[in-house]
Every structure is written in C-alpha cells, then in structure tokens.
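The values are calculated or read from the model by the stated rules, or taken from the named source; none is laboratory data. Please read all numbers here as calculations on a predicted model, not as lab measurements. Every residue, glycine among them, receives a Cβ derived from its backbone with ideal geometry; neighbour counts consider all protein chains shown. What goes into the accessible areas is simple: the full protein's heavy atoms, side chains included, and nothing from ligands, DNA or RNA. Shrake-Rupley method; radii C 1.70, N 1.55, O 1.52, S 1.80 Å.
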Amino acid sequence: MSKWDEQILVVNRKELFNNEENHFYGFIEKNDEKTKKIIDTFESYEVKRRGDMEEDPNYKQLIGYVLLKDEVTGEVLVYKRLVGGGEARLHGKASVGIGGHMNEVEGKTIFEMLKINAARELNEEVGVSEEEALNNLHFIGLINDDKTEVGQVHVGVVYECKVDKQRVEVKEDDTLVIKWMTGEEAKAEENYETWSEFLKPIF
C-alpha cells in the first residue's frame with residue numbers, strides 16, 4: 001500500500017479551532033485554555049485517506065510529536081534525517097520530535113489511540129519498547145503553524161517521554177542520526193525544522 005493510501009485521523013478545521021476563535025500559532029502548553037477546548041474536539045475525529053488530506057486545508061491531520069529526554073541527565077534527543085528517510089522537505093534539518101500520522105485503533109478512545117500511535121513510532125524509530133513508552137508518555141501541549149502549506153494541514157500533539165538513553169538505538173541508521181544534548185546545547189542548535197524551533201523554550 002502506498003503511504004498516500006494510509007487511513008489517518010483528522011479533525012475538521014472549523015470544529016478544531018471553533019471557527020478560528022481558538023486558532024493559535026506556535027506551541028501552547030496543556031494548561032492553556034485554548035488547548036483544553038481544542039483537544040475536546042478530537043473526539044469528533046474522522047478517518048480519511050492521507051493523500052486526499054495532504055491537499056485539503058479544511059482538515060487538520062493529527063500528528064504525534066514526542067520530545068525524548070534522558071531520565072537521569074535530562075538531556076534531549078536531537079536527530080537529523082538523511083536523504084532517503086521520511087519527508088524530503090526535512091532532510092538535513094534537526095528535530096526533537098519523533099512521531100507521525102495517527103491511525104485508528106479499534107475499541108480505544110481517541111486519547112488512548114494518540115498515545116498508542118506515539119508509542120509505536122518511538123519503537124519503530126528509536127527502539128523504545130511500546131510498553132515503556134506508554135508508561136512514560138505525558139501530553140504537554142499542541143503545535144500549529146499555518147504559515148506553510150505543510151503546516152496548514154497538520155496539527156502537532158506534543159508529548160514528553162523520559163527514558164534510559166542507554167536503551168535508545170536508531171533502527172534505521174541509514175536515514176537517521178541521533179545525538180543527546182543538554183538543554184543549553186539543544187537550544188544553541190540552529191538548523192531546526194519549524195515545529196522543533198517552537199519547542200526550544202521547554203528544552
């Protein structure tokens with residue numbers, strides 16, 4: 001199956017932002033009033049074909065975005081995608097967010113689905129066991145960027161996950177290079193994709 005035929009979770013933009021009343025730009029934390037109103041709309045999710053959604057700004061695709069920190073040192077995992085991996089537009093850019101599109105999971109609430117999908121991505125990308133991920137994933141906020149064509153059709157559901165960095169390993173080392181950095185080192189990195197740039201204040 002082509003990745004464009006993948007069935008993914010989306011929310012109608014009008015509902016998500018309550019006709020733009022709750023629109024925001026950048027990163028907002030989970031305790032923000034807008035965050036609470038926006039995540040309530042997730043229960044009205046729909047399942048749509050990814051290829052169609054990439055072209056339709058009437059919908060926002062729900063994207064998991066996990067910030068990994070070492071449980072002892074607090075260091076942040078920063079990675080770069082090499083040519084051949086994932087989104088071509090992100091090649092060479094640094095990122096702190098591991099994740100991707102969300103798929104429906106039978107018999108689970110939308111909030112359980114989001115965590116299950118995020119845990120699956122952590123396992124696939126950096127070898128964190130899904131059980132460990134599920135136990136340590138904590139929702140911290142949302143990301144939105146309508147200033148780019150790509151951003152117009154996605155919204156980021158941001159989690160923090162504390163892990164033992166010794167157990168993190170890149171499964172696709174031909175497409176991903178990782179480095180653990182202190183918060184200050186991570187903030188000093190200049191070549192971030194936009195979503196990771198938004199998260200700098202919480203490194």
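So in the stretch 190-203, with the set limited to residues that are assigned to a loop (DSSP other than H, G, I, E, B) and open to solvent by less than 40 Å² (accessible area, probe 1.4 Å), which one is nearest to residue 92 (Cα to Cα)? Even if it seems obvious, please write down each step before you answer.
Applying the first criterion (assigned to a loop (DSSP other than H, G, I, E, B)) to the stretch 190-203 yields 190-191, 193, 199, 203.
Checking the rest, the ones that are also open to solvent by less than 40 Å² (accessible area, probe 1.4 Å) come to 193, 199, 203.
Values: 193: 9, 199: 19, 203: 20 Å.
If we take residues in the stretch 190-203 being assigned to a loop (DSSP other than H, G, I, E, B) and open to solvent by less than 40 Å² (accessible area, probe 1.4 Å), then 193 is nearest to residue 92 (Cα to Cα).
Sub-7 Å Cβ pairs linking a first residue in the stretch 152-180 that is within 19 Å of residue 129 (Cα to Cα) to a second residue that is assigned to a helix (DSSP H, G or I) and among the polar types (S, T, N, Q), at least 6 apart or interchain, are 161/136; 162/136; 163/136, ordered by first then second residue. For the structure I just gave you, tell me whether residue 60 is modelled with pLDDT under 95, touching a strand residue (DSSP E or B) at 6+ places or on another chain (Cβ under 8 Å) and either open to solvent by less than 60 Å² (accessible area, probe 1.4 Å) or part of a strand (DSSP E or B) (or both). Criteria not met by residue 60. Does residue 158 meet the test of being at pLDDT 95 or above and in a strand (DSSP E or B)? The answer is yes for residue 158. Just to verify a result, which residue in the stretch 40-57, among those that are open to solvent by 90 Å² or more (accessible area, probe 1.4 Å) and part of a helix (DSSP H, G or I), is farthest from residue 140 (Cα to Cα)? The extreme case among them is 43. Checked against (1) within 28 Å of residue 41 (Cβ to Cβ); (2) open to solvent by 30 Å² or more (accessible area, probe 1.4 Å); (3) outside any strand (DSSP E or B), residue 171 meets all criteria but (1). Does residue 29 satisfy being over 21 Å from residue 134 (Cβ atoms), touching a strand residue (DSSP E or B) at 6+ places or on another chain (Cβ under 8 Å) and charged (D, E, K, R)? So residue 29 passes the test.
One residue is enough: does the stretch 19-29 have a residue meeting the conditions in contact with a Cys (Cβ under 9 Å, 6 or more places away or on another chain) and of a type outside the set (Val, Ile, Thr)?
To start, the set of residues in the stretch 19-29 that are in contact with a Cys (Cβ under 9 Å, 6 or more places away or on another chain) comprises none.
Checked the stretch 19-29: no residue is in contact with a Cys (Cβ under 9 Å, 6 or more places away or on another chain) and of a type outside the set (Val, Ile, Thr).
Close Cβ contacts (under 6 Å, 6 or more residues apart or on different chains) running from residues in the stretch 25-45 that are under 18 Å from residue 13 (Cβ atoms) to residues that are hydroxyl-bearing (Ser, Thr, Tyr) and part of a helix (DSSP H, G or I) comprise 28/35. Going through (1) of a type outside the set (Phe, Trp, Tyr); (2) surrounded by 17 or more Cβ atoms within 10 Å (Cβ to Cβ); (3) touching a Phe, Trp or Tyr at 6+ places or on another chain (Cβ under 6 Å) one by one, residue 187 falls short only on (2).
Regarding residue 179, is this residue open to solvent by 10 Å² or more (accessible area, probe 1.4 Å), touching a strand residue (DSSP E or B) at 6+ places or on another chain (Cβ under 7 Å) and under 24 Å from residue 41 (Cα atoms)? Steps first, answer last, please.
Working: open to solvent by 10 Å² or more (accessible area, probe 1.4 Å): yes; touching a strand residue (DSSP E or B) at 6+ places or on another chain (Cβ under 7 Å): yes; under 24 Å from residue 41 (Cα atoms): no.
For residue 179, the condition - open to solvent by 10 Å² or more (accessible area, probe 1.4 Å), touching a strand residue (DSSP E or B) at 6+ places or on another chain (Cβ under 7 Å) and under 24 Å from residue 41 (Cα atoms) - is not met.
Applying the condition of being among the polar types (S, T, N, Q) and more than 19 Å from residue 171 (Cα to Cα) to the stretch 108-148 and asking which residue is least open to solvent (accessible area, probe 1.4 Å) yields 144. For the stretch 78-107, the set of residues classified as at pLDDT 90 or above and more than 15 Å from residue 190 (Cα to Cα) consists of 97, 98, 99, 100, 101, 102, 103, 104, 105, 106, 107, listed by residue number.
Could you count how many residues in the stretch 4-39 are among the hydroxyl-bearing types (Ser, Thr, Tyr) and open to solvent by 40 Å² or more (accessible area, probe 1.4 Å)? If you could, list the steps in order and put the result at the bottom.
First, pick out the residues of the stretch 4-39 that are among the hydroxyl-bearing types (Ser, Thr, Tyr): 25, 35.
Imposing the further condition that a residue be open to solvent by 40 Å² or more (accessible area, probe 1.4 Å) reduces the set to 25.
Total satisfying the criteria: 1.
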